[in-house]
Protein chains: 2
Amino acid sequence: MTEESPGGYTGKILRVNLTDKKTTIEEPEGRFYREYFGGTALIGYYLLKELKPGIDPLGPENKLVFSAGVLSGVPSAGCGRSGVGAKSPLTGGWGDAQSGGFWPAELKRAGWDAIIVEGKADKPVYLWIKDDQVEIRDAAHLWGKTTAEVDSQLKEELGDKRVRVAQIGPAGEKLVRLAAIANDINRYYGRCGLGAVMGSKMLKAIAVRGSNPLKVANQEKVREIAGATADVIKRFMGGFKSYGTAGGVGGLNAMGILPTKNFQEGQFDGFEKITGQAMAETIMVDTDNCTACAVNCKRVVEVGPPYNVERVYGGPEYETIGSLGSLCGIDDLKAIAHGNQTCNALGLDTIGTGTTIAFAMECFENGILTEKDTGGIELRFGNAEAMMKMVEMIGRREGMGDILAEGARRAAEKIGGGASQYAMHIKGQELPMHDPRGKVGLGIGYAVSPTGADHMHNIHDVEFMRVNPTMSALGIQEPLDPFDLGLSKVRSFCYLVNWQHFKNCAITCMFLPYDPNRMAELVSAVTGWNASAWELEKVGERALALARLFNAREGLTAKDDFVPERLYKGVSSGPRQGKGLDREAFQEAIKNYYGMAGWDAETASPTAARLAELDLAWAIPELDKIAGKK
Amino acid sequence: MTEESPGGYTGKILRVNLTDKKTTIEEPEGRFYREYFGGTALIGYYLLKELKPGIDPLGPENKLVFSAGVLSGVPSAGCGRSGVGAKSPLTGGWGDAQSGGFWPAELKRAGWDAIIVEGKADKPVYLWIKDDQVEIRDAAHLWGKTTAEVDSQLKEELGDKRVRVAQIGPAGEKLVRLAAIANDINRYYGRCGLGAVMGSKMLKAIAVRGSNPLKVANQEKVREIAGATADVIKRFMGGFKSYGTAGGVGGLNAMGILPTKNFQEGQFDGFEKITGQAMAETIMVDTDNCTACAVNCKRVVEVGPPYNVERVYGGPEYETIGSLGSLCGIDDLKAIAHGNQTCNALGLDTIGTGTTIAFAMECFENGILTEKDTGGIELRFGNAEAMMKMVEMIGRREGMGDILAEGARRAAEKIGGGASQYAMHIKGQELPMHDPRGKVGLGIGYAVSPTGADHMHNIHDVEFMRVNPTMSALGIQEPLDPFDLGLSKVRSFCYLVNWQHFKNCAITCMFLPYDPNRMAELVSAVTGWNASAWELEKVGERALALARLFNAREGLTAKDDFVPERLYKGVSSGPRQGKGLDREAFQEAIKNYYGMAGWDAETASPTAARLAELDLAWAIPELDKIAGKK
């Protein structure tokens, strides 16, 4: 009944080979975008096809794929994001991360959907993309500089204040496995250590300026949806504007699942000092937004001496407040803001950094690390000075920081003496600030996510304790019980986590209220396709399937879908005291999930049949490359 | 974003036990309807829960479930239908069938979504349902009468011309396994022999009169969709009005896949005399429609002596023209109309009847049957007299007809002498008038349909030779090649056949242009749910899963998913001469389909994991009852 607009979506992909300094342009047909969309699925398509299994993630054979999505840059809230992916130096498997801000929309305005970065430059370079014109430029003068320095330097030398920059800081240059990729100085593709991949390629930055207005198939409909979304924001998302992502600190603490002292505890005495509310009343001076978004959930903070936190790096998100705050036993919001600033200046993932520092603190408390190891720093829970110092040392690979720069798993192996029991990671990726002991679905997600412990490829059970329109449209009629691991819960997890993966293809903000029907309308309005909730959910499932197949090919199989032992034990106090994950039920749930997802019980890779069902028959031969398979 | 209207859909189910003459009312919550909808899924829910495996389909333990759908009776084209199901006396497995007309909407107006008929009356009865009032009445005076006689008798004795009647004819009374259930005299729940189930319960008819206007959540939106649908009908479906379903006879003949002489040939010399066009120019006197539908695809015909075909029984559909016409080598449209009338008067499935007669004709041509067997009838291809006589004999179980009344498979077993090679059936259900050698996807569908060879649980490849909005919304971007059996084709089959199963839940006409997005809008407008294409497609998959599990429990497994040997050989002339199904590729395709559908390779039942994924965890214990499973 609905007819498609002729033409549909078209796009361009830039391929940059840094070894031979060649750039080429690829223009896949609309069909490609409809199946691979952008973000995780698009990245998965290229990485699975073009990377050989077993390559060094920090070697020239790895590829770094920046990918906007079909919706990136569309003038409706939550559409200002993009993704990036590569083989992860942190996990040795699939790596991808998402970021917001203004760089993604600028990339689209320059006419590009994605950039595939190949090879390795022999000296530091940056990319300058002005619409169709692409230059690989010398970056010797930028190497070693902080993100804010580079951003302003590039704007100056390119003579355009509206240039948008994605870049690595010194941490990425030094191949810190916790290194992130920044854009617009204060937005981060945080997880999976992708900053180190960019660093390994000697690519300091990608500066972009575009002048082509984004074309959409049905401008009027896009406006209508944008307006309705803005209205929902106005009506229901005021709390986000007031308190940002950190608005929930108090609630999590009350529930007993605010990650505290390296997940030993779920309540933090000093929580009230580090809430979003506290931030709004103390160090916050402004709010900030992403392209076309009225939520304004980003914080801008300022702290005077001796912290000297500047506005430019933004304020700490919830994840940062948790990881550099409660997880380290620190209730000094100014110190957290300082740690956040250092992470952003040096280009570090605040989550991985904080969790790794908390790990080191627990080692220190237990005598596995001493002041001799730390260079005299008393690396105890609650020592804000120590945290701030250690962030800097990790970012610059100084002293003890050089070991911690490898991430918690590798650091624990180097430190030895039983340190591994304190390394809270999955597949080498450090746990973010959500405790699966209070939302067990998230625990399944941590275990089975292709990226390891990652809140961006996941569900957050507590959000689903009432049936929302997304659940309803996916045929989930009952609210989720955050402590249930039964079949019905696993089914809901399966559907919702595929939807989250779609959002990582779209690449839309997880907070914005586009349920699958509304999302299909938006996609149709932008592309002219007759997009449906079915199709979009399948894009998500396709993305996840590609990532899991990538992992299996790298030897990451069911055995790697674990959670840290600590999570089977309870926290030491509060409402969740003594209540760990039920090991048997949890492992049964993972097994059941494999079945529902159509994954092999041993390789945890999608079966040939499931690949074919997802129109990924081309990837079936990759199953033969799975390590350990005959 | 979209919020659900409070309340959502509610409905009522009538349970009638004919053994103890009790009626009870069940009112499932809205959640039930959202998962089981109506038609195949709703019927599947009850049959799987309430029938014991191994029961006699014609015994009192079988249950006959009439089910309208959530959309039945909604005033938009194609929504005037309903379904009925039971364990099939023809296949010994899952049986369900759909019908249009006006009875379904009347049932809804009387306030009922479904009727579950249990047990067996000790003498003929009929049900009289007037809104909430339900009576089990004596039907001794109706027993043995034709459908038109019963219809007018009931209208007269109930004193209301607007009473709508579903009923069996004499064929159902006599437990003819080819017996159908009629409604409105000329609409048929044709397949699976369900008329015999109704007959076995001594239930002659269900007369319904309702006075409650249908409630919908969003009247304005329903009107808008109805208007848009009417517009599409006006613009694109004129051919259907002019020539009905038989409009395609010429095209199929040109393609070489008009089933002819019991599938020995794909072209028929006399095809021009039996087309929809020929009918319009000769015996057609009017057109007819179903509730709220402007297509008017139904024919009304009239033929004088010696045929004496009356208007009341309607004209032959394509399936009837094929089965009583070309399949029997008969090009006499008046004789076909007469055969159609006899089928409708006696309550026979025209497809099963025609295919069984064609089988007998081939037996006769090959000397396996003689005039001694047939009582002097020269049962040769092309003998219209013989066909007309044999229809009557089957419906009344007279002479040779008593054997053929058992259906082609059982008749072949009784006849012996190699007759089985001519019995064109799958699981005991006779092939309809679509030749899988020219649309191989339909062939997969015949093999794997829970009902055996059935065009109503299937795809028709030729319809998908251009990408239509349904395909597009399901993420199928390439047209189907009717001769392809590869993975991509199987994937498309999988998605489309689930969608067809959804339509058998909805229960909407397969010809109407509700693509999944438009359908989700319509469902939402009617129910107040935030229905999505995802959810609806999953309802279809759920329906199919229930039916397949039912079959597996009855011992119908992968071994029964065959096609007749003849289909691996080519037809004897025309464009498809010598081109049979590729056995290896076909069997590989079925295997691949099992994988994609999530069915066990041996039992061909959904796995426990797939059941759970479809929110059918309650049915997992049924897997233990699958014959041959330990």
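Distance between the modelled labels on residue B:31 and residue B:620, one decimal in nanometres: 1.8 nm (7 Å Cα→Cβ projection).
Inter-copy label distances for residue A:220: 1.7 nm (label point placed 7 Å from Cα along Cα→Cβ; shortest first).
Reported to the nearest whole Å, the Cα centre-to-centre distance from the stretch A:93-151 to the stretch B:230-252 is 57. Less than 5 angstrom separates the built amide H of residue B:369 from those of B:364, all sequence-distant by 5 or more or on a different chain. From the P(r) of the stretch B:447-528, could you give the percentage of C-alpha pairs in the tail past 17 Å? Tail fraction, whole percent: 47. Over all other residues within a Cβ to Cβ distance under 14 Å of residue A:56, the charged ones net out to +4, with Lys and Arg as +1 and Asp and Glu as -1. In a reduced charge model with +1 at each Lys and Arg Cβ and -1 at each Asp and Glu Cβ, the protein assembly as shown shows a dipole moment near 80 debye about its Cα centre.
Exceedance of the 23 Å cut-off in Cα-Cα distance is limited, within the set A:161/A:241; B:87/B:155; B:12/B:427; A:174/A:201; B:489/B:625, to A:161/A:241; B:87/B:155; B:12/B:427; B:489/B:625.
Relative contact order for the stretch A:377-449: 15 percent, from Cα pairs under 8 Å spaced at least 6 residues apart, divided by residue count. Chains B and A together bury some 3900 Å² of accessible area, summed over both sides, with a 1.4 Å probe.
Per atom type, chain B shows carbon and sulfur on 48% of its accessible surface, probed at 1.4 Å. The relative contact order of the stretch A:440-626 comes to 21 percent, based on Cα pairs under 8 Å that sit 6 or more residues apart. Calculated over the stretch B:548-605, the projected area of the Cα convex hull averaged across directions stands at 4.6 nm². The simple Förster model, with R0 at 45 Å and r as the Cβ-Cβ distance, assigns residue A:55 and residue A:153 a FRET efficiency of 0.85.
Label-to-label distance for residue B:414 and residue B:510 is 2.9 nm, based on points extended 7 Å past Cα in the beta-carbon direction. Counting only protein heavy atoms and a 1.4 Å probe, the protein assembly as shown has 31 square angstrom of accessible area per residue.
With helices as the sole contributors, chain A gives -11000 deg cm²/dmol at 222 nm; each DSSP H run of n ≥ 4 counts as -39500 (n - 2.57), and the sum is divided by every residue.
Here the Kirkwood formula puts the hydrodynamic radius of the stretch B:291-423 at 14.8 Å, using every distinct Cα pair.
Please compute, over every Cα-Cα pair in the protein assembly as shown, the percentage with a separation greater than 41 angstrom.
49 percent
Note on residue B:573 and residue B:366: the model spin-label points, each 7 Å out from Cα along the C-beta direction, lie 2.0 nm apart.
Rg ratio for the stretch A:39-96: its Cα radius of gyration over 2.2 N^0.38 Å, N being its residue count, equals 1.26. The smallest convex shape that holds all Cα atoms of the stretch B:80-204, its convex hull, gives 94 Å³ per residue.
Calculated on the alpha-carbon coordinates, the convex hull of the stretch B:170-219 measures out at 123 cubic angstrom per residue. The value given for chain A is a Kirkwood hydrodynamic radius of 24.0 Å, derived from the mean inverse Cα-Cα separation.
Roughly what % antiparallel, to the nearest 5, for the DSSP beta bridges in the stretch A:13-209? Counting only bridges with both partners in the stretch A:13-209, antiparallel ones make up about 75 percent.
Over the Cα atoms of the stretch B:440-626, the radius of gyration divided by the Kirkwood radius equals 0.98; this is the Rg/Rh ratio. Using only alpha-carbon positions in the stretch B:14-61, the gyration tensor eigenvalues give semi-axes of 22, 16, 7 Å once each is multiplied by 5 and square-rooted (largest first). The loop-placed trypsin sites (Lys or Arg not before Pro) in the stretch A:436-506, going by DSSP, that have at most 15 neighbouring Cβ atoms within 10 Å of their Cβ come out as A:466.
Using a cutoff of 8 angstrom between alpha carbon atoms and counting only pairs six or more residues apart, the relative contact order for chain A works out to 15 percent.
Copy-to-copy label distances for residue A:488, where each label lies 7 Å from Cα along Cα-to-Cβ, are 4.1 nm in order of increasing length. Please go through the stretch A:324-387 and write out the GluC sites (Glu not before Pro) that DSSP classes as loop and that have at most 13 other C-beta atoms within 10 Å. Here the GluC sites (Glu not before Pro) that fit, given the DSSP loop and packing criteria, are A:378.
Using a 7 Å projection from Cα along Cα-to-Cβ, the label point at residue A:583 is separated from the same position in the remaining copies by 5.4 nm, smallest value first.
Residues of the stretch B:523-544 whose accessible area (probe 1.4 Å, heavy atoms of protein chains only) drops by at least 50 Å² once all protein chains are present, relative to their chain alone: B:530, B:534.
The values are calculated or read from the model by the stated rules, or taken from the named source; none is laboratory data. Worth saying up front: this structure is predicted, and the values here are computed from it rather than measured. Don't worry about glycine lacking a Cβ; one is built from the backbone with ideal geometry, like all the others, and counts go over all protein chains shown. These accessible areas exclude ligands, DNA and RNA; they are computed on the full protein's heavy atoms, side chains included. Shrake-Rupley method; radii C 1.70, N 1.55, O 1.52, S 1.80 Å.
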